[in-house]
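Report on one structure; see the data block that follows.
The values are calculated or read from the model by the stated rules, or taken from the named source; none is laboratory data. What you see is a predicted model; the values in this text were computed from it and never measured. All Cβ positions, glycine included, derive from the backbone under ideal geometry; neighbour counts span all protein chains shown.
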Amino acid sequence: MNNRGFALYTALALVYAFLYLPIMLLVIYSFNASKLVTVWGGFSTRWYGELLQDEQVLGAAWLSLRIAFLNACLATGLGTLAAVVLVRFKRFSGRALFTGMVSAPLVMPEIITGLALLLLFVGMEQVLGWPDGRSMTTIVIAHVTFSLSFVTVVVRSRLAQMDRSLEEAAMDLGARPLTVFLRITLPIIAPALAAGWLLAFTLSIDDVVISAFVSGPGATPLPIVIFSKVRLGVSPEINALATIVVALVAVAIAVAGRVMMGKENQDG
Amino acid sequence: MKSLLEGRAGRFLVGLAPYAWLAVFFLVPFLIVLKISLSEPQMGIPPYMPLVDWAEGAFKGTLAGYRTLLGDDLYLFAYLGSLRLAAMATLGCLALGYPAAYAIARAPRHRRHALLMLVALPFWTSFLIRVYAWIGILKTEGLLNMALMGLGIISEPLQILETDIAVTIGMVYSYLPFMILPLYATLEKMDLSLLEAAADLGCRPFRAFLSVTLPLSMPGIIAGCMLVFIPAVGEFVIPDLLGGPDTLVIGKVLWAEFFDNRDWPTASAVAVAMLVLLVVPIMAFQHFEAKRAEREG
């Protein structure tokens, strides 16, 4: 390896260290018996025990999981339809507006989206009497609105790359359009749907700012609970929670990787 | 053959759901923000007056919210602060992300995918938790100060948390993957024979980088910078957790107007002003993305 290659790999290693070191420190310190962050008081699982008895955190986690699940399903459905519209329907009235509306949530500051949605909900409640206050429903609506665009991006590129002759062949053989879509198109773009679903799930379960606007006293998702705890300073309980999240994500990625590898082997 | 999916009615049905959803829950809310930014605040629920008094048939709009923005230096400084921090974060991401993307793009082909996955992986863990991790590292009695003092580099702990430096570090950390991924995409597609040609013509490697690689990777640089800069301008969580009371950014001001002062018209005016500020980079981003999508699709 020449000098330049060595310098490049050193830079890359430093970037990886920068990305992973903070997470690793959180994991290590979640097993710290001491309440002080920088003093090592010996190995302990005490914070995990306290976390698992925290009703507020557990309730919020359960709510967040349900919201993320509903959001991922709805966003994948709507986002896929939007991708079909963008890739397959080249000319229709209002296409420019539609393209803008699909891609704007990708870059829109969350704080603006959150404020706008809350003002909409308040206005709707005044005029229509619905939604009745802030609840799980308003959070799901808000999450779907910003995460469907991410699903569209993922599905759109897969749809644009796919070989349309398979659909044409099925159609020539007399399959109806809906059958073609369900039996040919959908299986081909399925990996993109799965990726989009996971992305929407992650975005939802991670969202702080938009949720802060559209959640209410009756429905407080996990990130809002964490955020209000973290604002008061470092707490070992949050370290334990962070470690659980990292472990779950690691398992999910390992499983997803396995499944995809298996698929590639099958395909190849 | 005219099929259902291709036909007018079929198209209408497929497009209806996402179109209606985005119109109702994305477009209309912005019009409401615009409307409330022109309304008179009042004590009560909701805390603003109707824009049109239907009984009198009179238009009751006011520019008071915007006048507050122009009249108080706080807002101007908050906008400038947001732009400065976003610019610092973008430069930081570029400085770290370019060598990383370059190294991945020039790595052996079979390793690139795994190396890229490693960049994107932290994104799947909680953003909030990753920002939180830096509090323990950067605070006065935090791990970084302990390490630096232990190594004898400094004798007094540095005040890093609650400064702009901490906010910049947090933003670079959170947004780095958004810089590396588009940079990698352009660097990986580059035709390496161009560099060989430059070398054959007597061009030194660094010169070749400046006059061949850098211009060719410009689309990636622009996309990456937009993807970092735009959300960084509107960022709230990072300046709130890692910044101090003096960290003045527009996201915090909007939050305070809305949640602490309950001044919805002013909060809406701040949001509209923020959008105006971001409209040029957002339009530029959409323009580039549309061109890219046309090329690929």
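Computed values, structure above
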| item | result |
| --- | --- |
| Evaluation of A:Thr145 against (1) of a type in the set (S, T, N, Q); (2) surrounded by 17 or more Cβ atoms within 10 Å (Cβ to Cβ); (3) farther than 25 Å from A:Leu81 by Cβ; (4) at the interface with chain B (Cβ under 8 Å from one of its Cβ atoms) (one fails), failing number | (3) |
| The lone exception for B:Ile160 - which of (1) assigned to a helix (DSSP H, G or I); (2) buried (at least 18 other Cβ atoms within 10 Å of the Cβ) it fails | (1) |
| Subset of the stretch A:36-51 that is at pLDDT below 85 and of a type in the set (Val, Ile, Thr) - its residue that is nearest to A:Ser235 (Cα to Cα) | A:Val37 |
| Count of residues meeting criterion [part of a helix (DSSP H, G or I), of a type outside the set (Gly, Ala, Ser) and more than 7 Å from chain A (Cβ to nearest Cβ)] in the stretch B:122-148 | 6 |
| Residues of the stretch A:199-250 classified as in a loop (DSSP other than H, G, I, E, B) and within 9 Å of chain B (Cβ to nearest Cβ), total | 5 |
| A:Ser103 at the interface with chain B (Cβ under 7 Å from one of its Cβ atoms), part of a helix (DSSP H, G or I) and touching a residue at least 12 places away in the same chain (Cβ under 8 Å) | yes |
| Test set (1) hydrophobic (A, V, I, L, M, F, W, C); (2) within 19 Å of B:Gly234 (Cα to Cα); (3) more than 7 Å from every other protein chain (Cβ to nearest Cβ) - A:Ile111 fails condition number | (3) |
| Any hit, the stretch B:34-46, residues being at pLDDT 85 or above, β-branched (Val, Ile, Thr) and either part of a helix (DSSP H, G or I) or under 28 Å from A:Phe121 (Cβ atoms) (or both) | yes |
| Residues located in the stretch B:197-247, provided they are away from chain A (no Cβ under 11 Å), under 27 Å from B:Gly136 (Cα atoms) and in contact with a Pro (Cβ under 8 Å, 6 or more places away or on another chain) | B:Thr247 |
| Total residues in the stretch A:171-197, condition surrounded by 15 or more Cβ atoms within 10 Å (Cβ to Cβ) and either within 11 Å of chain B (Cβ to nearest Cβ) or touching a strand residue (DSSP E or B) at 6+ places or on another chain (Cβ under 9 Å) (or both) | 6 |
| Selection from the stretch A:110-135 of residues that are buried (at least 17 other Cβ atoms within 10 Å of the Cβ) and touching a residue at least 60 places away in the same chain (Cβ under 8 Å) | A:Glu110, A:Ile111, A:Thr113, A:Gly114, A:Leu115, A:Leu117, A:Leu118, A:Phe121, A:Arg134 |
| One residue from A:Ala13, A:Ala61, A:Ala83 being facing chain B (nearest Cβ under 10 Å), part of a helix (DSSP H, G or I) and surrounded by 13 or more Cβ atoms within 10 Å (Cβ to Cβ) | A:Ala83 |
